[in-house]
1. Taking only C-alpha pairs under 8 Å that are 6+ residues apart, what is the relative contact order of the stretch 1-102 in percent?
2. Does the stretch 73-139 come out rounded, prolate or oblate by the C-alpha gyration tensor, with a ≥ b ≥ c the root eigenvalues, rounded set by a/c under 1.5 and, if not, prolate when a/b is larger than b/c and oblate if not?
3. Compute the separation of the alpha-carbon centres of the stretch 159-224 and the stretch 1-32 and state it in Å as a whole number.
4. What are the ³J(HN,Hα) values, in whole Hz, obtained from phi via the Karplus relation 6.51 cos²θ - 1.76 cosθ + 1.60 with θ = phi - 60°, for each residue of the stretch 208-224 in sequence order, with x given for Gly and Pro?
5. Based on DSSP H runs of at least 4 residues, each adding -39500 (n - 2.57), what is the mean residue ellipticity at 222 nm of the chain after dividing by all its residues, to the nearest 500 deg cm²/dmol?
6. To the nearest 10 degrees, how steep is helix 168-191 against the longest Cα principal axis of the chain, on a 0 to 90 scale?
7. Counting alpha carbon pairs within less than 8 Å and at least 6 residues apart, what relative contact order, in whole percent, applies to the stretch 151-224?
8. Counting alpha carbon pairs within less than 8 Å and at least 6 residues apart, what relative contact order, in whole percent, applies to the chain?
Amino acid sequence: MNENKPLSLGVLISGTGTNLQAIIDEIEAGRLSARIAVVISNRSRAPGLERARRHGLETMVIDHRGFASREEFDRQLAAVLNRHGVELVVCAGFMRLLSPVMLDAFPNRIMNIHPSLLPAFPGINAQRAALQHGARWTGCTVFFVSAGVDDGPIIIQAVVPILPDDDEGRLSARILCQEHRIYPYAIRLYQEGRLELQQRRVVVRGALLVPPDQAWLNPPLAAC
Ligand code: GAR
């Protein structure tokens, strides 16, 4: 990877596109050396498409319902991404599982974000699952997509507390705020060539270290 060259991104969406927006904002602010070559949605009414257009980005709808199999859909996806010279595929609220067709076309070059501290609560409705489980902490995770569901090598995580009066909406909103911080940063680490895959561990070169004695308690210990 050439660290001086802006990274060419293909962003996949299905819905609102606030993570897409956070990535666009970082690029436009000059903090992320990348260009979005194409935004692809599998849903024609995804509001994220309008966000992309407002920023002059090329958009495309590839409706999965028009394909006989997941593999056929992925073949079309890979062809479009390759035609646009995409180096890194960024799933941003893209609600489709990718088959080996896409994984082979972009090996270790597909990122995803998930609204939980993986490996806890993979799959859909992760925020609701964390609440119902009675977890004290949840968060969000950026990872490289692999064959398993939400199972790939973890790049960065943010931890979010679950508060006694939380409902799914409030909790999701707080997690989303953190998603918007960590996703552009993960892409930046990739663009800077600082992510090294060692089996299923991602080593981040030159990363600041969390102080080894740092820990969070929820609820915190009472003051004595
Ligand atoms: C985000 O919370 C993202 O983590 C989640 O969908 C939302 C998309 O929001 N993705 C998944 O659950 C994938 N398993 P956005 O469209 O506003 O970026």
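Computed from the coordinates by the stated procedures, all read-outs in this text should not be read as laboratory data. Note that the structure is predicted; figures quoted are calculated from it, not measured.
1. Dividing the mean separation by the residue count of the stretch 1-102 yields 38 percent.
2. It is prolate, given that a/c is not under 1.5 and a/b is the larger ratio.
3. 19 Å
4. Coupling constants for the stretch 208-224: 5, 9, 5, x, x, 9, 7, 8, 10, 10, 9, x, x, 4, 5, 5, 9 Hz.
5. After summing the helix terms and dividing by residue count, I get -10000 deg cm²/dmol.
6. Result, in degrees: 60.
7. This gives 34 percent for the stretch 151-224.
8. Relative contact order for the chain comes out at 18 percent.
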